[in-house]
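First up is the structure itself, then whatever we jot down about it.
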Amino acid sequence: MKTGLTRLLPYILILLATLALVWIDKPFWIQLAIGVAITAITALAWDILSRTGQVSLGSAAFFGIGSYTLAIFEPLIGLTLAWIAVVVVCALAATLLGLLTLRLRRMYFAIATLGFALSMQVLVVVFPDVTGGSGGIAPPVLADGDPRWQLGLIGLLLLAAVALSDTLLGLRFRPAFFMIRTKPELAAASGVPVVRMKIFAFIVSGVLIGLAGACYGGLYGYVVPTDVFTTNWSVLPLAIATLGGMDTTIGPLLGAIALKALEEVARSVIGGTGYQVVYGAVIILFVIGMPQGIVGLLRKAAALAGRRTVAGEKKKERERHA
């Protein structure tokens, strides 16, 4: 029962927080929650791919592809089909990139995905008749511009990302991902479809990030290449997942909340552009000081508390027998 409740806890917290913020209807808190949700989705998506041993720096490519696909296809095929097009285009891009970079690992894979993200920004500028070039493009406004409905829709996408992450951490997928990450040759020899599993993880990750990018573009109804294809959207998911705790579902959620809170505190205390330096330095210190992230720190604290409880009970037992 306890395990079931623990698994349901992220869903319950997301639902309660979303409903509470929609009920309170405070624009600042709603916008803050939307920012947390979008970054949490990208971090969960990045973490799903990292479970196969691939460290991607190409999240910005899919983030931008999602926003631009929605903007380009909506006038041609309508809003509903345009959202379906986001899924299809991101899945095709992830499949192609996955096949091209399949043999690369670690640093080489990271460089290849980063190059893909940078090339996408160039392609957008080269074809201004379709993409609007450096001047940007106008995707349809999400939920007619109502912040409460925007939060509700993005909250549903976050729940879907959490459900996918939980599913891929289950007994059906986790052992296979672990073997692919640590011993790919042994995984192949054991009958694990290494290629298909990597491509599958790439597709899930790319589609989730693409949908997050489409939502981001729809928040303001206008995007430019330097806004969505920026390396910030490639580094941020990695930083959030690492800070919160990799190979978990709750980790990216905690990392997104902590990072957004840290950013707001640094912005209000320091202000200007100087807050970004302090903000970045604190992130580095956190990552160095907590290599297993917030989840690892909480697990250590829980284990320490458990040992102290057991020690206290043994002491009381000895005193009773004395």
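The values are calculated or read from the model by the stated rules, or taken from the named source; none is laboratory data. Since the structure is predicted, the reported quantities are computational estimates derived from the model, not experimental observations. Every residue, glycine among them, receives a Cβ derived from its backbone with ideal geometry; neighbour counts consider all protein chains shown. When the accessible area is computed, the model is the full protein with side chains, heavy atoms only, and any ligands, DNA or RNA have been set aside. Shrake-Rupley method; radii C 1.70, N 1.55, O 1.52, S 1.80 Å.
For Thr18, the solvent-accessible surface computed with a 1.4 Å probe is close to 30 Å², ligands and nucleic acids excluded.
Would you work out which of Pro10, Gly245, Ala189 lies farthest towards the positive end of the dipole of the chain? Charges go on Cβ: Lys and Arg +1, Asp and Glu -1. Comparing the listed Cα positions along the dipole, Ala189 ranks first. Using the Cβ-Cβ distance between Ala302 and Tyr220 with R0 set to 30 Å, the FRET efficiency works out to roughly 0.15. In the context of the full set of protein chains, the stretch 4-291 has a per residue accessible area of 47 Å² (1.4 Å probe). Work from the charge dipole of the chain (Cβ charges, +1 for Lys and Arg, -1 for Asp and Glu, about the Cα centre) and give the residue of Ile154, Phe73, Gly218 farthest towards its positive end. Of Ile154, Phe73, Gly218, it is Ile154. So what's the angle, to the nearest 10 degrees on a 0 to 90 scale, between helix 107-126 and the longest Cα principal axis of the chain? With both axes taken from Cα atoms, the answer is about 30 degrees. Helices in the chain, meaning DSSP H runs of at least 4 residues, each add -39500 (n - 2.57). Divided by all residues, the mean residue ellipticity at 222 nm is -27000 deg cm²/dmol.
Of (i) 1.21; (ii) 1.08; (iii) 1.01, which is the value of Cα Rg over 2.2 N^0.38 Å derived from the coordinates here? So the calculated entry is the one marked (ii).
Apolar share of the accessible surface for the chain: 71 percent from carbon plus sulfur atoms, 1.4 Å probe. Taking the Cα centre of the chain as reference, the dipole from Cβ charges on Lys and Arg (+1) and Asp and Glu (-1) amounts to some 1820 debye. Across the stretch 155-160, rounded Karplus estimates of 3J(HN,Hα) from the backbone phi angles (6.51 cos²θ - 1.76 cosθ + 1.60, θ = phi - 60°) give x, 5, 5, 5, 4, 5 Hz, Gly and Pro being marked x.
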